[in-house]
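The values are calculated or read from the model by the stated rules, or taken from the named source; none is laboratory data. Given the structure is predicted, the values throughout are model-derived calculations rather than measurements. Please note: Cβ atoms are built from the backbone with ideal geometry, for glycine as well, and neighbour counts cover all protein chains shown. For accessibility, only protein heavy atoms count, side chains too; no ligands or nucleic acids. Shrake-Rupley method; radii C 1.70, N 1.55, O 1.52, S 1.80 Å.
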Amino acid sequence: ASNLSINAAGTQLTGAGEAGATVRVDWNGDGVIDATATVGSNGQFTVPLNPPLTNGETVTVTVRDAAGNDSPAATVEAPDSTA
């Protein structure tokens, strides 16, 4: 996964990956996948975050290709609304 970003409201994770691959997201750090999405034909993906992440939480993202190979984990930090 690359170009990871969480919008200012903390409701949406976007990024890039191999078209057709499965995006796997862990947003609470327990190692369990909390959400999945599929990378579009344009190489982009969007994952809704519910509940919104707005306190600087670290989100871990991996991408699994059609052969079952997982990418290295990438992280992005949610916006911090407590400042």
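Couple of notes before you dig in:
- Looking only at region 59-83, and only at residues there that are more than 12 Å from S5 (Cα to Cα) and touching a Lys or Arg at 6+ places or on another chain (Cβ under 8 Å), the one that is surrounded by the fewest Cβ atoms within 10 Å (Cβ to Cβ): D70
- Residue match in region 49-58 (condition: at positive phi and surrounded by fewer than 14 Cβ atoms within 10 Å (Cβ to Cβ)): yes
- The C-beta contact set for region 31-47 (first residue at negative phi, second residue open to solvent by less than 80 Å² (accessible area, probe 1.4 Å) and among the basic types (K, R), distance under 7 angstrom, 6+ apart or interchain) comprises I33/R24; T36/R24.
- Total residues in region 23-76, condition polar (S, T, N, Q) and within 13 Å of the chain's Cα centre (by Cα): 11
- Residues (closer than 13 Å to T38 by Cα and open to solvent by 30 Å² or more (accessible area, probe 1.4 Å)) located in region 1-16: A1, T14
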